[in-house]
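Undergrad: My questions will all concern the structure given below.
The values are calculated or read from the model by the stated rules, or taken from the named source; none is laboratory data. Everything numeric here is computed off the predicted structure, so don't read it as measured data. Cβ placement follows ideal geometry from the backbone for every residue including glycine, while neighbour counts extend to all protein chains displayed. Side chains included, ligands, DNA and RNA excluded: accessible areas come from the protein's heavy atoms. Shrake-Rupley method; radii C 1.70, N 1.55, O 1.52, S 1.80 Å.
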Amino acid sequence: MNAAGPLDRLRGLLKQQELDALFVSTPENRRYLSGFDGSAGCLIITQSDAILATDFRYVEQAGRQAPDYRVVRTGVESKWFPTLLSELGVRRVGFEAQDLTVAQYNQLTESLGKGNGVSLVPTQGMAERLRAVKTPEERGLIQRAIDAADTAFSRVVSTMRPGITEQELAWELEKAMRELGAEKMSFDIIVAAGPNGALPHHHPSERVIRTGEPVVIDMGARYQGYCSDMTRTVVLGDGGETFRRVFDTVLAAQETAIAAVEAGMTGEQADSLARRVIQEAGYGDNFGHGLGHGVGLAVHEFPRLGLRSADVLEEGMVFTIEPGVYLSGWGGVRIEDMVVLEGGRAGVLTRAPKKEKAGE
Ligand code: ZN
Ligand code: ZN
C-alpha cells in the first residue's frame, strides 16, 4: 500500500494533469477525500490548500469530521466561489464532469464572470481511481457490510416457505440486515421469482413465489458508508433439469473467473474468463451484462469488468464477480460474490452458501 493519504495522492494527479485545483462535487469522493459525510458540500483542493465549502447546517460537523480541511461557509449566492478562487490564486480548475450538472456548471461559470483568467477543466475518474484500491480500514468496513448480508441471507432463506411474495421476502431480508447492524441497504433489494428472474433489475412484486422456480436474490448492506453486494439464486423444492443445467453453468463460470482473475488483467480479460464457460455451454446470448464492478462507498464504482473495459485490475481492489444466464419466460440464475485482489489473485469475501436450500 502507498503510505501517502488520499489527499497527497490526489495532489500527485493534479500535478500530472497540470491543474491548479480540483473542484470535488461527487458525494462519495468528498467523503473519501475529507471524511465529511454530510449531504451537501464540495471540496477545493490545491497543492497547499484543502477547502471544504458547505452551508450553515453542516459547518460544525464538517469541522469535526474533516480536520485537514479549512471549512468555508457557503451562502445562498455563489459569490463564495469566485472569491475563494481568486484568494487561492488558481487558474486551471478541474471539475468532475460525470457529477456536475449543466445547470451547476452554468452557475459556476456565471459566478466567475468574464476575464478572470480562470478556466474550468473537465476531469474524469481522478478520485474514483484512488477509491478503487482499498485500505485495510476500508476493507474492515466492507467486510462488516458483507457479513450483515451473508448472515441475513442464510437466516431468512432457511425459513422461506411457499406462499411468500417477492416483496415479503425482500422485507424479511431488509429487516434482518438492519438488525445485524446495517445502516441502510446499499440498493433496493431485488427478489425476482420465476420469469421475473429474466429481468436482471426486476423490482420485488406481490407475486407469490412458487415451488420449483428459480428465485434471484440480489442484496447488499451499507456499513459506515461502505457497501456490500451479493446475489444468490435459490429454489423452493426441486428446480428441475433446466435449473440444474443453468445453475451449474453459472457456478462453473463464476468459479473459473474467481480462480483465474489476476492483477494486471483488464476488465475485458476478466470478463472473458466467465463468458467463455457460458458460451461453451450454449448460453452465450443469455449473459447480457458485464462480469462485475468495483464496490466501496458506492455500490457500483471503478473498475468495471465487462466487454470493452480497459480498466486495469490492481492489488487491493475490491470488486464483484457476477455471471448470470437469463432465459426469457423461464427466469434467471445469477451468482455474485465480492472479492479482493491480494497477492495478485482473488480472495473471496462473501461467505453466504451458494447452494442454500430454501426452506430447510
Ligand atoms: Zn448485486
Ligand atoms: Zn453487483
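Undergrad: Would you pick out the residues in region 186-234 that are in contact with a Cys (Cβ under 9 Å, 6 or more places away or on another chain) and aliphatic (A, V, I, L, M)?
TA: If the condition is that a residue be in contact with a Cys (Cβ under 9 Å, 6 or more places away or on another chain) and aliphatic (A, V, I, L, M), then ALA221 is the only one that fits.
Each row is one residue, and each column tells you yes or no for (1) within 16 Å of ligand 2 (Cβ to nearest atom); (2) of a type in the set (Val, Ile, Thr).
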| residue | (1), (2) |
| --- | --- |
| PRO195 | no, no |
| HIS202 | yes, no |
| VAL208 | no, yes |
| GLU213 | no, no |
| VAL234 | no, yes |
| THR242 | no, yes |
| ASP248 | no, no |
| ALA252 | no, no |
| ALA263 | no, no |
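Undergrad: Identify the residue in region 87-109 that is free of Cβ contacts under 8 Å to residues at least 40 places away in the same chain and open to solvent by 90 Å² or more (accessible area, probe 1.4 Å) and, among all such residues, is farthest from the chain's Cα centre (by Cα).
TA: For region 87-109, the residue satisfying everything is GLU87.
Undergrad: Regarding VAL333, is this residue at pLDDT 95 or above, within 16 Å of ligand 1 (Cβ to nearest atom), in the same structural domain as ILE142 (by TED's automatic domain parsing) and not in a loop (DSSP other than H, G, I, E, B)?
TA: In short, yes.
Undergrad: Hey, among ARG129, ARG155, ARG210, which residue is more than 24 Å from the chain's Cα centre (by Cα), assigned to a helix (DSSP H, G or I) and not β-branched (Val, Ile, Thr)?
TA: Going through ARG129, ARG155, ARG210 in turn, just one is more than 24 Å from the chain's Cα centre (by Cα), assigned to a helix (DSSP H, G or I) and not β-branched (Val, Ile, Thr): ARG155.
Undergrad: Enumerate the strands (runs of 3 or more DSSP E) found wholly within region 1-98, keeping only those where 3 or more residues are more than 22 Å from LEU130 (Cα to Cα) and out of contact with any strand residue (DSSP E or B) (no Cβ under 8 Å at 6 or more places or on another chain).
TA: none
Undergrad: Quick check: is even one residue across region 129-147 at positive phi and assigned by TED's automatic domain parsing to the domain that holds GLY194?
TA: no
Undergrad: Limited to region 336-356, what total is found for residues that are within 16 Å of ligand 1 (Cβ to nearest atom), in a strand (DSSP E or B) and open to solvent by 20 Å² or more (accessible area, probe 1.4 Å)?
TA: 1
Undergrad: Shifting gears a bit: Could you please let me know if ARG245 is open to solvent by 30 Å² or more (accessible area, probe 1.4 Å) and in a strand (DSSP E or B)?
TA: no
Undergrad: Next up: Of the residues in region 181-201, how many are surrounded by fewer than 20 Cβ atoms within 10 Å (Cβ to Cβ) and either assigned to a loop (DSSP other than H, G, I, E, B) or assigned by TED's automatic domain parsing to the domain that holds ARG31 (or both)?
TA: Qualifying residue count, region 181-201: 7.
Undergrad: Further question: Yes or no: region 292-311 includes at least one residue that is open to solvent by less than 40 Å² (accessible area, probe 1.4 Å) and touching a Cys at 6+ places or on another chain (Cβ under 6 Å).
TA: Yes; the residues of region 292-311 include at least one that is open to solvent by less than 40 Å² (accessible area, probe 1.4 Å) and touching a Cys at 6+ places or on another chain (Cβ under 6 Å).
Undergrad: Still on this structure: Assess whether ALA149 counts as being crowded, with 20+ Cβ neighbours inside 10 Å and touching a strand residue (DSSP E or B) at 6+ places or on another chain (Cβ under 6 Å).
TA: yes
Undergrad: While we're here: Within region 6-44, work out how many residues are under 30 Å from PHE56 (Cβ atoms) and either open to solvent by 30 Å² or more (accessible area, probe 1.4 Å) or touching a residue at least 60 places away in the same chain (Cβ under 8 Å) (or both). Working first, answer last.
TA: Start the filter on region 6-44 by keeping residues that are under 30 Å from PHE56 (Cβ atoms), which leaves 6-7, 10-11, 14, 19-44.
Still in the running and either open to solvent by 30 Å² or more (accessible area, probe 1.4 Å) or touching a residue at least 60 places away in the same chain (Cβ under 8 Å) (or both): 6-7, 10-11, 14, 19-29, 31-33, 35, 37, 39.
Within region 6-44, residues that are under 30 Å from PHE56 (Cβ atoms) and either open to solvent by 30 Å² or more (accessible area, probe 1.4 Å) or touching a residue at least 60 places away in the same chain (Cβ under 8 Å) (or both) number 22.
Undergrad: What pairs can you find where one residue is in region 228-241 and within 27 Å of PHE319 (Cβ to Cβ) and at pLDDT 95 or above, the other is open to solvent by 20 Å² or more (accessible area, probe 1.4 Å) and more than 9 Å from ligand 1 (Cβ to nearest atom), and their Cβ atoms are less than 6 Å apart, with a gap of 6+ or different chains?
TA: VAL234/GLU356
Undergrad: Filter region 253-271 for residues that are open to solvent by 40 Å² or more (accessible area, probe 1.4 Å) and assigned to a helix (DSSP H, G or I); which is nearest to VAL340 (Cα to Cα)?
TA: Selected residue: ALA259.
Undergrad: Related question: Which of the residues belonging to region 301-330 are in a loop (DSSP other than H, G, I, E, B), without any contact (Cβ under 8 Å) to a residue 40 or more places away in the chain and within 15 Å of ligand 2 (Cβ to nearest atom)? Give the derivation first.
TA: First, pick out the residues of region 301-330 that are in a loop (DSSP other than H, G, I, E, B): 306-311, 313-316, 322-323, 328-330.
Filter again for without any contact (Cβ under 8 Å) to a residue 40 or more places away in the chain, leaving 306-307.
GLY306 - this is the single residue of region 301-330 that is in a loop (DSSP other than H, G, I, E, B), without any contact (Cβ under 8 Å) to a residue 40 or more places away in the chain and within 15 Å of ligand 2 (Cβ to nearest atom).
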